[in-house]
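> Can you read through this structure? Questions will come right after.
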Amino acid sequence: MAASETVICIGCPLGCRVVVSLDKKGNVTRIKGAQCKQGERYVLKELREPVRTLTTTVRTMDDAYPLLPVRTTRPVLKTLMADIMRETVGVRVKPPVRCGKVIIADVAGSGADLAATTDWKG
């Protein structure tokens, strides 16, 4: 039995709802609703290898400023999100921290660093 999946394209500002038909083996047989070629490429990549930029916080050693906002320096595979979050659990940072400072290098083997998104003088 064939299946279909709907993906909202973010390749351009149109935000097309793209319906992708798949055969029994999961191969794409049809793409319907993409208004541009960029949308088709985005949807195919999203189905094969979805990535996201992760934003979260890590703990600090300062009760007055207990959490420091951080994010990955590039998009990472969605399948690595839980591993990245587990890796942040024991992290405690102390001041000073500059925006962009790497808190965890190559977090969870993703190829991306986890970096501070704000300055913190403590």
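> With respect to the numbered conditions (1) among the charged types (D, E, K, R); (2) outside any helix (DSSP H, G or I); (3) in contact (Cβ under 8 Å) with a residue 24 or more places away in the chain, which one is the sole condition not fulfilled by ASP63?
Here ASP63 clears every test but (3).
> Name the residue that is nearest to GLU46 (Cα to Cα), counting only residues in region 66-97 that are assigned to a loop (DSSP other than H, G, I, E, B) and without any contact (Cβ under 8 Å) to a residue 12 or more places away in the chain.
Ranking the qualifying residues of region 66-97, first place goes to VAL89.
> Based on what the data block shows, is VAL7 in a strand (DSSP E or B) and under 18 Å from the mean Cα position of the chain (by Cα)?
Answer is yes for this residue.
> What is the one condition in (1) outside any loop (DSSP other than H, G, I, E, B); (2) out of contact with any strand residue (DSSP E or B) (no Cβ under 6 Å at 6 or more places or on another chain); (3) in contact (Cβ under 8 Å) with a residue 12 or more places away in the chain that LYS45 does not satisfy?
Of the numbered conditions (1) outside any loop (DSSP other than H, G, I, E, B); (2) out of contact with any strand residue (DSSP E or B) (no Cβ under 6 Å at 6 or more places or on another chain); (3) in contact (Cβ under 8 Å) with a residue 12 or more places away in the chain, the odd one out for LYS45 is (3).
> How many residues, within region 48-60, are part of a loop (DSSP other than H, G, I, E, B) and either surrounded by 12 or more Cβ atoms within 10 Å (Cβ to Cβ) or modelled with pLDDT under 90 (or both)? Spell out the reasoning first.
To start, the set of residues in region 48-60 that are part of a loop (DSSP other than H, G, I, E, B) comprises 49-50, 53-54.
Those still in the list that are either surrounded by 12 or more Cβ atoms within 10 Å (Cβ to Cβ) or modelled with pLDDT under 90 (or both) too: 50, 54.
Number of matching residues: 2.
> Please indicate, with yes or no, whether at least one residue in region 64-73 is within 19 Å of GLY11 (Cβ to Cβ) and either modelled with pLDDT of 95 or more or among the basic types (Lys, Arg) (or both).
Scanning region 64-73, I find no residue that is within 19 Å of GLY11 (Cβ to Cβ) and either modelled with pLDDT of 95 or more or among the basic types (Lys, Arg) (or both), so the answer is no.
> Please tell me if GLY100 is within 15 Å of ARG52 (Cα to Cα), modelled with pLDDT of 95 or more and part of a loop (DSSP other than H, G, I, E, B).
It is false that GLY100 is within 15 Å of ARG52 (Cα to Cα), modelled with pLDDT of 95 or more and part of a loop (DSSP other than H, G, I, E, B).
> Quickly run through region 24-42 and pick out the residues that are surrounded by 15 or more Cβ atoms within 10 Å (Cβ to Cβ) and either assigned to a loop (DSSP other than H, G, I, E, B) or in the same structural domain as MET85 (by TED's automatic domain parsing) (or both).
Result: GLY33, ALA34.
> Quick check on my filter: what residues within region 63-93 are under 14 Å from ALA116 (Cβ atoms) and surrounded by 11 or more Cβ atoms within 10 Å (Cβ to Cβ)?
Taking region 63-93 first, the residues under 14 Å from ALA116 (Cβ atoms) are 65, 67-73, 88, 91-93.
Across region 63-93, the qualifying residues are TYR65, LEU67, LEU68, PRO69, VAL70, ARG71, THR72, THR73, THR88, VAL91, VAL93.
The values are calculated or read from the model by the stated rules, or taken from the named source; none is laboratory data. Keep in mind it's a predicted model, so treat the numbers as computed, not measured. Methodologically, a virtual Cβ is constructed for each residue, glycine included, from the backbone with ideal geometry; neighbour enumeration extends over all protein chains shown.
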